[in-house]
Amino acid sequence: MTLKKLFLGEDRDLSSVEVVLVMGITVILAVVIGLFVLNMGADSNSPPKTYWEMYSQDTTSPGSITEDRISLVHDGGAAITVSEFVVDIGGTEYALADFKTSTGSSLQSELKPGAKIRISASGYAGPGNVTNEFSGTTIHLVWENPDTGERHIVKSTTPK
């Protein structure tokens with residue numbers, strides 16, 4: 001076949017091999033473009049897309065014990081798996097699952113937007129102790145990738 005015949009036109013049918021090749025290339029291009037547009041190939045080492053608020057407050061617990069408290073609020077984005085997060089208080093890590101909600105309930109395995117967690121000595125139900133005093137101590141919410149063990153700080157605060 002010459003270019004002249006190809007562009008000037010020759011009445012002939014496409015062979016089934018040509019049709020299959022054109023359709024295959026079209027499908028492959030559509031899939032590749034779709035993956036990039038929809039970001040299906042997202043980095044699996046990234047923490048879940050979430051928004052967090054952390055604020056501190058001094059409170060008086062029953063029995064007139066004053067303690068510092070950090071309220072951690074899941075302010076939006078994806079629901080998270082609680083077991084993938086730890087709270088780092090001045091270099092000591094505590095499982096997020098060992099803290100309670102702002103109402104004193106235990107955390108569920110999945111945390112949805114709107115949930116509030118109380119980071120405090122009285123709100124901790126895990127092994128060891130959490131300090132009553134957070135002033136000047138940096139507190140990090142850390143996500144740990146369950147597949148690779150890679151860690152990312154998701155939110156931090158240093159109460160005054």
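Below is a table of values for the structure above.
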{"read-out": "3J(HN,Hα) from dihedral phi, region 147-160, Karplus parametrisation 6.51/-1.76/1.60, rounded to Hz, x for glycine, proline", "value": "8, 10, x, 5, 10, 9, 6, 8, 7, 9, 8, 10, x, 8"}
{"read-out": "Where a label projected 7 Å from the Cα of S71 along Cα→Cβ would reach, residues of region 91-113 with amide N under 14 Å", "value": "101-104"}
{"read-out": "Karplus 3J(HN,Hα) series, Hz, for region 119-124 with 6.51 cos²θ - 1.76 cosθ + 1.60 (x for Gly, Pro)", "value": "9, 6, 5, 6, x, 10"}
{"read-out": "Calculated from backbone phi, Karplus (6.51, -1.76, 1.60) coupling profile of region 87-103 in Hz, x at Gly/Pro", "value": "10, 9, 10, x, x, 9, 9, 10, 5, 4, 4, 7, 9, 10, 6, 5, 9"}
{"read-out": "Extension gain (nm, one decimal) between A125 and A95, 0.36 nm per residue minus Cα-Cα", "value": "9.8 nm"}
{"read-out": "Cα gyration tensor shape for region 71-160, rounded if a/c is under 1.5, else prolate or oblate", "value": "rounded"}
{"read-out": "Added length on full extension, which subtracts the Cα-Cα distance from 0.36 nm per residue, K116 to Q57", "value": "19.8 nm"}
{"read-out": "Label-point gap, in nm, between D147 and I33 - each point 7 angstrom along Cα→Cβ", "value": "2.8"}
{"read-out": "Debye equation applied to the C-alpha atoms of region 82-129, log10 I(q)/I(0) at 0.16, 0.33 Å⁻¹", "value": "-0.39, -1.46"}
{"read-out": "Mean Cα-pair separation over length for region 74-160, i.e. relative contact order, pairs under 8 Å, 6 or more apart, %", "value": "29"}
{"read-out": "Heavy atoms of Y124 accessible to a 1.4 Å probe, total area in Å² rounded to 10", "value": "30"}
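The values are calculated or read from the model by the stated rules, or taken from the named source; none is laboratory data. Remember, predicted model here, so these are calculated numbers, not experimental data. Here Cβ is always computed from backbone atoms with ideal geometry, including for glycine, and neighbour counts include all displayed protein chains. With ligands, DNA and RNA removed, areas are computed over all heavy atoms of the protein, side chains included. Shrake-Rupley method; radii C 1.70, N 1.55, O 1.52, S 1.80 Å.
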